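The values are calculated or read from the model by the stated rules, or taken from the named source; none is laboratory data. Quick caveat: nothing in here was measured; it's all calculated off a predicted structure. Note: ideal-geometry Cβ built from the backbone for every residue, glycine included; neighbour counts use all protein chains shown.
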Amino acid sequence: MPNDYSYNVYGLHVVSQISCPELCPVGHALGNPDVTIGFGRVPDKLERPLKSGICYDAKDGEFLFHLENIGKYWVTDGRRICIEPACGADESEIRLFLLGSVFGALLLQRKMLPLHATCVRKGNWGFLLCGVSGIGKSTTAYGLMDRGFDLYADDICIVDFDVLGLPKVMPGLTHIKLWRDVLMDHRLPTDGLVRVRPELEKYYIPIERNGSNEPVVIKKIFILKRVVGQKVELQPIDGIMKVVAIRNQTFRRQYVEGLGVQVPHFMGITRLANSVSVSFVNRPSGGNSLDEVVSRMAEDFES
Amino acid sequence: MSGIVWLASYPKSGNTWCRLFFLFLTRQINDGDINRIGDIPACYSQALFERALGLDLADLTLKESCRLRPKLHEWYCNSQNQKPLMLKIHDAHFFFDDDRQKPLVAPDVTRGVIYIIRNPLDVVVSVADFFSISIERSVERLCDDRSDMGMAYDRPMRHPVQIIRSWSQHVVSWVDTSGLRVHVMKYEDMQSRPKQSFLQAARFAGIDCESNDVNRAVNLCDFNRLKKLESKMGFIENRQVGVNFFNQGRVGRWRELLSRRQVHRIITEHREVMVRFGYIDGDNRLIDS
């Protein structure tokens with residue numbers, strides 16, 4: 001169709017009826033797309049879902065996401081996303097949930113391995129910063145950028161393996177989402193920045209990958225954790241604990257069971273666990289320990 | 001009868017203590033596992049919300065996350081198996097609409113409400129300690145009918161907004177206007193006659209237990225024991241460095257810390273409810289618990 005947009009993200013060729021400035025455009029024909037995104041009628045719910053949450057239904061090959069005043073999204077076979085926007089929904093809001101939860105479901109349907117993480121790199125190597133929302137992944141990443149690291153990917157990090165079996169992260173969205181307070185801490189002005197939603201003080205910031213969109217090999221995974229205690233600690237983990245810890249970082253882990261992809265998902269997790277070292281970064285639950293967290297991680301990465 | 005047993009209270013009124021009691025009573029946690037307090041989650045817990053929603057709470061506006069809360073309760077009620085099903089809540093009970101058709105906590109997901117009440121003069125002191133605010137600011141909070149938690153932040157990251165309201169409005173909203181089955185439990189009774197007080201609460205919650213089980217759980221919840229455990233291994237609910245969560249817990253500490261003017265303000269604002277629950281008499285004289 002003449003008005004469609006063509007993108008490359010997570011190694012997938014995406015053709016979309018909705019313009020997505022957060023994806024990397026491709027200007028030339030790439031053959032048949034891996035994924036199509038269009039508008040159309042979407043059912044209110046799935047018939048006989050395997051698992052449902054407040055905003056989703058999931059079953060083998062089908063996923064439905066719905067949010068009042070935003071819209072409904074129907075994902076089938078890891079290949080098609082159909083959107084029925086709610087009346088008056090803002091396009092930036094439709095994209096926010098499309099490129100987050102909805103894409104997360106699509107990637108799981110394709111048996112890919114999406115982790116909820118921020119990826120930073122130095123040279124050809126990178127590491128993943130994981131942890132629950134609000135734990136300080138973005139702030140830590142910006143702290144590391146002051147120490148010579150580049151920001152490579154944020155939010156969804158797709159892990160794949162190269163021919164040598166090394167785990168690597170595929171290039172994802174071209175923007176990171178940052179809250180106003182983080183921008184202020186790093187003296188970044190909000191002038192001219194686009195909000196992720198009109199009502200939220202959260203903005204899209206372009207990720208500058210220094211012209212390189214090559215996958216980054218993962219040297220290490222750090223999982224940020226708030227703990228009871230007084231000091232910052234790096235706690236290496238191994239064995240089954242490591243597998244569980246990585247599994248817990250899956251982007252939208254609650255979808256896995258409903259989509260019926262537990263087996264390939266678990267195989268991907270165990271393969272990753274066998275390929276990288278993983279440490280918890282224990283942060284005291286009170287006080288501000290960010291500088292120390294950044295120093296300890298940078299030292300550990302260089303060692 | 002199924003549904004959620006709500007542990008409802010104004011903040012810093014003994015909710016954590018009560019949660020630990022029920023976790024010990026039902027043997028959901030081992031004797032030293034105070035950091036598994038989250039096994040009775042708060043209904044505004046980020047982790048619980050995100051698991052139920054299937055999206056990042058941070059992507060929702062404050063209004064959206066607030067309006068989704070009844071759906072979270074419904075989801076929790078339908079998706080969890082443990083008995084009794086308990087949730088902690090600090091909100092005042094409220095309705096989303098003027099017709100009172102859309103309550104925050106609906107009767108059809110509720111087995112009952114254990115409402116924990118504490119002398120507001122002691123609550124003032126405990127709120128000031130916990131939130132690191134002045135006594136004066138704490139007095140303001142207890143008297144502010146628009147008081148909330150969460151709105152003050154730039155980012156709705158960790159929790160949806162909790163609508164607290166004034167201390168009196170909080171009590172009345174649950175005990176009188178919620179339309180729910182409510183058992184009132186006084187903090188002062190939890191201290192002075194714990195076995196009787198907790199036994200009544202356990203029976204209200206529909207827990208099949210003997211007085212020996214209650215005695216055991218009460219002993220495990222002894223304030224000094226909890227304080228020692230916190231000193232040894234820390235406590236996950238504590239948000240301050242260098243100050244214990246299980247700090248003082250004494251009844252009547254306000255006498256050392258509140259000015260006469262502050263005491264007068266609290267009594268004037270909350271007279272009716274304080275008389276009703278035996279904290280002052282009809283002549284505004286304080287009744288020792």
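Could you list, in sequence order, all residues of the range A:225-258 that are within 19 Å of B:LEU48 (Cα to Cα), surrounded by 15 or more Cβ atoms within 10 Å (Cβ to Cβ) and in contact with a strand residue (DSSP E or B) (Cβ under 7 Å, 6 or more places away or on another chain)?
Result: A:LYS225, A:ARG226, A:VAL227, A:ALA245, A:GLN249, A:THR250, A:PHE251, A:TYR255, A:VAL256, A:GLY258.
What's the number of the condition A:MET184 fails, among (1) within 14 Å of another protein chain (Cβ to nearest Cβ); (2) in contact (Cβ under 8 Å) with a residue 12 or more places away in the chain; (3) surrounded by fewer than 22 Cβ atoms within 10 Å (Cβ to Cβ)?
Only one criterion in (1) within 14 Å of another protein chain (Cβ to nearest Cβ); (2) in contact (Cβ under 8 Å) with a residue 12 or more places away in the chain; (3) surrounded by fewer than 22 Cβ atoms within 10 Å (Cβ to Cβ) is unmet by A:MET184, namely (2).
Condition first: among the β-branched types (Val, Ile, Thr) and free of Cβ contacts under 8 Å to residues at least 60 places away in the same chain. Now tell me which residues in the range A:32-73 satisfy that.
Within the range A:32-73, A:THR36, A:VAL42, A:ILE54, A:ILE70 qualify.
Just for helices (runs of 4 or more DSSP H) wholly inside the range B:220-289: which have at least 1 residues that are modelled with pLDDT of 95 or more?
It comes to B:260-276.
Among what's in the range B:197-256 and is small (Gly, Ala, Ser) and at negative phi, pick the residue that is nearest to the other protein chains (Cβ to nearest Cβ).
Among residues in the range B:197-256 that are small (Gly, Ala, Ser) and at negative phi, the one nearest to the other protein chains (Cβ to nearest Cβ) is B:SER231.
Mind listing whichever residues of the range B:169-185 are assigned to a strand (DSSP E or B) and either surrounded by fewer than 21 Cβ atoms within 10 Å (Cβ to Cβ) or on the phi > 0 side of the Ramachandran plot (or both)?
Listed by number, the residues that qualify are B:VAL182, B:HIS183, B:VAL184.
Being among the β-branched types (Val, Ile, Thr), without any contact (Cβ under 8 Å) to a residue 60 or more places away in the chain, farther than 24 Å from A:ILE70 by Cβ and within 14 Å of chain B (Cβ to nearest Cβ) is true for just one of A:VAL232, A:VAL263, A:VAL243, A:VAL228. Which residue is that?
A:VAL228
When you scan the range A:188-218, how many residues do you find that are at pLDDT below 85 and over 19 Å from A:ASP150 (Cβ atoms)?
So the answer is 0.
Within the range A:1-107, considering only strands (runs of 3 or more DSSP E) that don't extend past its boundaries, which have at least 1 residues that are within 14 Å of another protein chain (Cβ to nearest Cβ) and buried (at least 18 other Cβ atoms within 10 Å of the Cβ)?
Because the criterion is at least 1 residues that are within 14 Å of another protein chain (Cβ to nearest Cβ) and buried (at least 18 other Cβ atoms within 10 Å of the Cβ), the strands (runs of 3 or more DSSP E) in the range A:1-107 that meet it are A:56-59, A:62-67, A:71-76.
Would you say B:ARG19 is among the basic types (Lys, Arg), touching a strand residue (DSSP E or B) at 6+ places or on another chain (Cβ under 8 Å) and part of a helix (DSSP H, G or I)?
Yes.
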